[in-house]
Amino acid sequence: ERAVSEDELTVVYQPIVALEDCRAVTLEALVRWKHPERGLVPPGEFIAFAEETGAVVQIGEIVLERVAEQAAAVGVPIHVNVCAPELTEPGFLGRVDDLVARHGLSPDLLVFEVTERLFVAEDPAPVAVLEGLNERGMRVAVDDFGTGYSSLAYLSRLPVDTMKIPKQFIDELMGGREHHSLARAVIELGAALDLTVVAEGIEHPDQIAALRAFGCELGQGYYYGLPTDAHVALRRVELLREGARTLS
């Protein structure tokens with residue numbers, strides 16, 4: 001609550017890159033807490049508690065406001081993470097409409113990321129809101145696909161455009177070929193469902209080569225730079241791309 005009232009939250013951005021030509025396609029917004037004593041605190045250490053207390057709704061409002069402003073400034077689509085309490089908050093769709101109008105945004109510049117557990121809970125309320133976002137021309141991504149929940153049926157009938165493969169699947173690409181099967185299967189599943197597939201947690205060029213061979217088009221991770229200011233993140237990828245062209 002203090003973090004919200006004292007304006008201690010900040011948003012950083014990580015690029016999502018086309019694996020074929022190292023071109024920044026979108027950004028993902030990631031919230032951080034600038035704690036006066038602990039320094040920069042990642043969301044894994046406070047979002048779950050914020051969901052329990054209800055503060056996650058206020059945090060989500062702050063992040064979405066900044067994402068809309070940033071998307072208008074850079075003209076690049078930005079992924080923003082949302083949870084069920086945010087989606088079911090009365091007036092959520094109206095607030096999104098207001099942000100789009102106020103910042104003059106094209107709707108396709110906003111991509112809303114959710115986790116599988118939102119679908120598995122079988123609560124129709126947040127799903128209806130996601131359908132509303134989709135009808136407005138915005139996109140929906142499922143984050144960390146395959147990490148403990150089974151939602152194949154949901155993927156085929158819900159307004160999902162993008163599927164993100166979690167880092168632990170990508171890490172296995174550094175092992176022998178017998179470890180490649182899971183990532184490859186998920187990529188092929190995404191293609192069969194006509195979904196955009198994003199590989200998370202890329203740290204090595206060898207992972208990029210394997211993912212490209214499996215047909216994965218997009219990726220993100222520390223290989224392309226740590227989360228930072230949006231303009232800096234985009235510039236880093238461009239420099240990496242120019243370096244690759246020079247070497248080739």
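Here's a check for you: in region 39-57, which residue that is open to solvent by 70 Å² or more (accessible area, probe 1.4 Å) and within 19 Å of the chain's Cα centre (by Cα) is farthest from Leu110 (Cα to Cα)? Looking at residues that are open to solvent by 70 Å² or more (accessible area, probe 1.4 Å) and within 19 Å of the chain's Cα centre (by Cα), I get Glu45. Hey, among the residues in region 115-143 that are modelled with pLDDT of 95 or more and part of a loop (DSSP other than H, G, I, E, B), which one's nearest to the chain's Cα centre (by Cα)? Filtering region 115-143 for residues that are modelled with pLDDT of 95 or more and part of a loop (DSSP other than H, G, I, E, B), the one nearest to the chain's Cα centre (by Cα) comes out as Met138. Of all the numbered requirements in (1) under 22 Å from Gly225 (Cβ atoms); (2) outside any strand (DSSP E or B); (3) open to solvent by 30 Å² or more (accessible area, probe 1.4 Å); (4) at pLDDT 90 or above, Arg32 misses one, and that requirement is (2). When you scan region 226-243, do you find a residue that is buried (at least 16 other Cβ atoms within 10 Å of the Cβ), assigned to a loop (DSSP other than H, G, I, E, B) and at negative phi, even just one? Yes, there is a match, as at least one residue in region 226-243 is buried (at least 16 other Cβ atoms within 10 Å of the Cβ), assigned to a loop (DSSP other than H, G, I, E, B) and at negative phi.
Consider region 1-52. How many of its residues are of a type in the set (Phe, Trp, Tyr) and touching a helix residue (DSSP H, G or I) at 6+ places or on another chain (Cβ under 7 Å)? Of the residues in that region, 2 qualify.
Residues in region 151-191 that are surrounded by 15 or more Cβ atoms within 10 Å (Cβ to Cβ), at pLDDT 85 or above, in a helix (DSSP H, G or I) and of a type outside the set (A, V, I, L, M): Lys167, Phe169, Asp171, Arg184, Gly190.
Contact list please: Cβ distance under 6 Å, first residue in region 34-61 and over 20 Å from Glu89 (Cα atoms), second residue open to solvent by less than 60 Å² (accessible area, probe 1.4 Å) and among the acidic types (Asp, Glu), pairs at least six apart or on different chains. Note: pairs meeting the criteria are Lys34/Glu8.
For Arg235, the conditions (1) out of contact with any strand residue (DSSP E or B) (no Cβ under 8 Å at 6 or more places or on another chain); (2) farther than 22 Å from Val11 by Cα are fulfilled apart from (2). Within region 115-135, residues that are surrounded by fewer than 14 Cβ atoms within 10 Å (Cβ to Cβ) have Cβ atoms under 8 Å from residues that are at pLDDT below 70 in these pairs: Val120/Tyr149; Val120/Ser150; Val120/Ser151; Val120/Tyr154, counting only partners at least 6 apart in sequence or on another chain. The numbered conditions (1) open to solvent by 80 Å² or more (accessible area, probe 1.4 Å); (2) polar (S, T, N, Q); (3) in contact (Cβ under 8 Å) with a residue 60 or more places away in the chain are all true for Ser5 except (3).
The residues in region 192-222 that are among the hydroxyl-bearing types (Ser, Thr, Tyr) and either open to solvent by 80 Å² or more (accessible area, probe 1.4 Å) or part of a loop (DSSP other than H, G, I, E, B) (or both) can be counted, and the count is 1. Of the residues making up region 1-29, those that are of a type in the set (Gly, Ala, Ser) and modelled with pLDDT under 95 number 2. Every listed requirement among (1) touching a His at 6+ places or on another chain (Cβ under 8 Å); (2) at positive phi is met by Gly104 save one, (1). Exactly one residue out of Thr26, Thr10 is more than 23 Å from Lys164 (Cα to Cα) and β-branched (Val, Ile, Thr): that is Thr10.
Has region 97-114 got any residue that is in a helix (DSSP H, G or I), in contact (Cβ under 8 Å) with a residue 40 or more places away in the chain and either over 15 Å from the mean Cα position of the chain (by Cα) or surrounded by 14 or more Cβ atoms within 10 Å (Cβ to Cβ) (or both)? So far as region 97-114 goes, no, none of its residues is in a helix (DSSP H, G or I), in contact (Cβ under 8 Å) with a residue 40 or more places away in the chain and either over 15 Å from the mean Cα position of the chain (by Cα) or surrounded by 14 or more Cβ atoms within 10 Å (Cβ to Cβ) (or both).
Taken over region 74-96, the criterion of being assigned to a helix (DSSP H, G or I), surrounded by fewer than 19 Cβ atoms within 10 Å (Cβ to Cβ), touching a residue at least 24 places away in the same chain (Cβ under 8 Å) and of a type outside the set (A, V, I, L, M) is satisfied by Pro85, Arg95.
The values are calculated or read from the model by the stated rules, or taken from the named source; none is laboratory data. Nothing here was measured: the structure is a model prediction, and the numbers come from that model. Note that we place each Cβ from the backbone using ideal geometry, even for glycine, and neighbour counts take in every protein chain shown. Heavy atoms of the whole protein, side chains included, go into the accessibility calculation; ligands, DNA and RNA do not. Shrake-Rupley method; radii C 1.70, N 1.55, O 1.52, S 1.80 Å.
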